[in-house]
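Peer 1: Below: one structure in structure tokens.
Only the coordinates and a few stated rules stand behind these numbers; no lab work does. Just so it is clear, the structure is predicted and the values come from calculations on it, not from any experiment. Cβ coordinates were reconstructed from backbone atoms using ideal geometry, including for glycine residues, and neighbour counts include every protein chain displayed.
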Amino acid sequence: MKKVRRIFKPLPFKLRVGKARTGRGLFTEENIPRGACIIEYIGRPVSKEEQEKNGGKYFFWTGKYTMIDGNIKENTARYINHSCAPNCEADLYKKRIYIFAKKNIKAGEELHYDYDTEYFDMHIKPKGCLCHKCSPA
């Protein structure tokens, strides 16, 4: 299989924040092709002290020792919820986080990516995963 080179520049897809099964979520209002860069996850740098407390639900590692807190108004990507069967994935490039489509996504679908083990074990597992794969409606 030929590996496609990613372009780390979000395309201007029409996205909206809306009601999701776990609160608010991010939905696409148009079809998104597999492999497309959808949005950048942005935030403010997190200090070493904040990292040690590890209390932020929107923290994202941007390097071995660097982290951002995505809980800022400008970060629409913070509304992307977790799924154990995601349609998106996060990719790190030059200490910036980009969200890519793992498959073709239809207009109206909610965007999801796998929050990974550390976050899942800390915030989701104790309450029980509510994604479509783990808790079908």
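Peer 1: How many nm is it between the label spots at residue 57 and residue 92, if each spot is 7 Å from the Cα in line with the beta carbon?
Peer 2: 2.3
Peer 1: How far is it, in nm, from the label point at residue 134 to the one at residue 14 when both lie 7 Å from their Cα along the line to the Cβ?
Peer 2: 3.3
Peer 1: Same structure again: So what is the diffusion coefficient of the range 86-137 in µm² per second by Stokes-Einstein at 25 °C and 0.890 mPa s, using a Kirkwood Rh over Cα pairs? Walk me through the intermediate numbers first.
Peer 2: Values: Rh = 12.6 Å.
Translational diffusion coefficient: 194 µm²/s.
Peer 1: May I ask you to sort 69, 91, 114 by Cβ crowding, counting other Cβ atoms within 10 Å and putting the fewest first? If you can, show how the numbers build up before the last one.
Peer 2: Values: 69 20, 91 14, 114 17.
In order of increasing Cβ crowding within 10 Å: 91, 114, 69.
Peer 1: With +1 on each Lys and Arg Cβ and -1 on each Asp and Glu Cβ, how big is the dipole of the range 15-124 about its Cα centre, in debye rounded to the nearest 20? Can you show the working numbers first?
Peer 2: Values: 18 positive and 16 negative charges, 45 e Å.
The dipole of the range 15-124 has a size of about 220 debye.
Peer 1: May I pose another question? Over the range 24-137, what is the mean sequence separation of C-alpha contacts under 8 Å (at least six apart), divided by residue count, expressed as relative contact order in percent?
Peer 2: Values: 201 pairs, mean separation 40.1, N = 114.
Relative contact order here is 35 percent.
Peer 1: Additional query: Counting each DSSP H run of 4 or more residues in the chain as -39500 (n - 2.57), what helix-only mean residue ellipticity at 222 nm follows after dividing by all residues, to the nearest 500 deg cm²/dmol? Mind showing how you got there, number by number?
Peer 2: Numbers: 2 runs with 10 residues, N = 137.
Estimated from H runs of four or more residues: -1500 deg cm²/dmol.
Peer 1: Restricting to the chain, compute how many DSSP beta bridges are antiparallel as a %, nearest 5. Intermediate results must be reported in sequence, preceding the final value.
Peer 2: Working: 23 of 25 bridges.
Beta bridges within the chain, antiparallel portion: roughly 90 percent.
Peer 1: On to the next question. So what are the radius of gyration and Dmax for the Cα set of the chain, in Å?
Peer 2: Cα radius of gyration and Dmax of the chain are 14.9, 44 Å respectively.
Peer 1: Oh, and also: Using a 10 angstrom cutoff on alpha carbons, build the Gaussian network for the chain and name the most mobile of 109, 52, 74.
Peer 2: Checking each option, the largest mean-square fluctuation is seen for 52.
Peer 1: Which entries of 19/48; 19/53; 19/127 show an alpha-carbon separation above 28 angstrom in the structure shown?
Peer 2: 19/48; 19/53
Peer 1: At a threshold of 8 angstrom on Cα-Cα distance, excluding pairs fewer than six apart, so keeping six or more, what relative contact order does the range 86-137 reach in percent?
Peer 2: Numbers: 39 pairs, mean separation 16.2, N = 52.
Once divided by the residue count of the range 86-137, the mean separation gives 31 percent.
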